[in-house]
1. At 1.002 mPa s and 20 °C, plugging the Kirkwood radius over alpha-carbon pairs of segment 55-104 into Stokes-Einstein gives what diffusion coefficient in µm²/s?
2. Could you calculate, for segment 132-181, the ratio of the Cα radius of gyration to the Kirkwood radius, expressed as Rg to Rh?
3. Per 0.36 nm of contour for each residue apart, how much would the distance between Ala80 and Arg27 grow if the chain were fully extended, relative to their Cα-Cα spacing?
4. Which cross-chain or sequence-distant (5 or more) residues have an amide H under 5 Å from the amide H of Thr75, H modelled 1.01 Å from N in plane?
5. Report the dimensions of segment 1-78 along its three principal axes from the alpha-carbon atoms, largest first, rounded to Å.
6. Each label point is 7 Å from the Cα along the Cα-to-Cβ direction; what then is the distance between the points at Phe53 and Asp142, in nm?
7. How high is the relative contact order of the chain, in percent, counting Cα pairs under 8 Å that sit 6 or more residues apart?
8. For segment 38-184, place one equal point scatterer on every Cα, skip the solvent, and apply the Debye formula. What is log10 of I(q)/I(0) at q = 0.11, 0.15, 0.19 Å⁻¹?
Amino acid sequence: MATVLSVSGSPSASSRTNRLLRHLDARLAAQGHEVLPLDVRTIPAEALLGADFRHPAIVEATALLARADGVVIGTPVYKAAYSGVLKALLDLLPQYALTGKTVLPLATGGTTAHVLAIDYALRPVLSSMGARHIVQGWFTLDQDITVGENGSLAVAPGAAEALNQVLDQFSEALGRTPVLAAAG
Ligand SMILES: Cc1cc2nc3c(=O)[nH]c(=O)nc-3n(C[C@H](O)[C@H](O)[C@H](O)COP(=O)(O)O)c2cc1C
């Protein structure tokens, strides 16, 4: 099937967004996709804050993205937009790094007042990077995500159903996208 880069854009060590993405990765993998997880918080701060395009971690992230047919981008909503560390990474990727890729934008947040942050904040950035096929995204309230002491993840039924739906739409869209020959 397809190769999917799953980018978690939270700086938090106990990130709900991260846990949610890794949970969804398993569903994509079960559907036959190869999933490449990328947690922005693992990229050294000096690379992100110093705009070090040649840092090995940035070179590796760029290479992972080049391999991918599809990209899941998950971010916490911070100050009514996406996270700063996610923007720092996106700024260091090639201008048209998302050309030809199918993209699923996801967000977690504390209030439904910012449910549209994906559409007014993240989506335009993804478009500017060449993404022409950005499927319907989803905003999940943080209170609907429960991480157990053993690390288990539970998502409130309504939210889980909606997430599965957008994930399956993404998966179907990947199936329709001709898999581009691996760029050299
Ligand atoms: C610095 C900061 C700013 C936040 N700003 C918002 C906000 O503007 N709107 C919102 O809905 N939630 C906001 N939140 C809540 C987070 O988006 C929410 O708890 C999210 O699930 C955190 O994800 P994480 O655990 O992956 O970092 C903010 C949280 C933090 C720490």
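1. Value of D from the Cα-based Kirkwood radius: 181 µm²/s.
2. Working: Rg = 14.3 Å, Rh = 12.8 Å.
Here Rg/Rh amounts to 1.12.
3. Numbers: separation 53, 0.36 × 53 = 19.08 nm, distance 2.88 nm.
So the chain would gain 16.2 nm between Ala80 and Arg27.
4. Gly9, Leu106, Ala107, Thr108
5. Principal axes ranked by extent give 38, 27, 16 Å for the Cα atoms.
6. If labels sit at Phe53 and Asp142, their model points lie 3.5 nm apart.
7. About 23 percent, as a whole number.
8. Taken in order of the listed q values, log10 I(q)/I(0) reads -0.45, -0.85, -1.26.
Where a number appears in this text, it was derived from the coordinates with a stated rule and is not lab data. Computed from a predicted model, the values in this text were never measured in an experiment. Note that each Cβ is placed from the backbone with ideal geometry, even for glycine, and that neighbours are counted across all protein chains shown.
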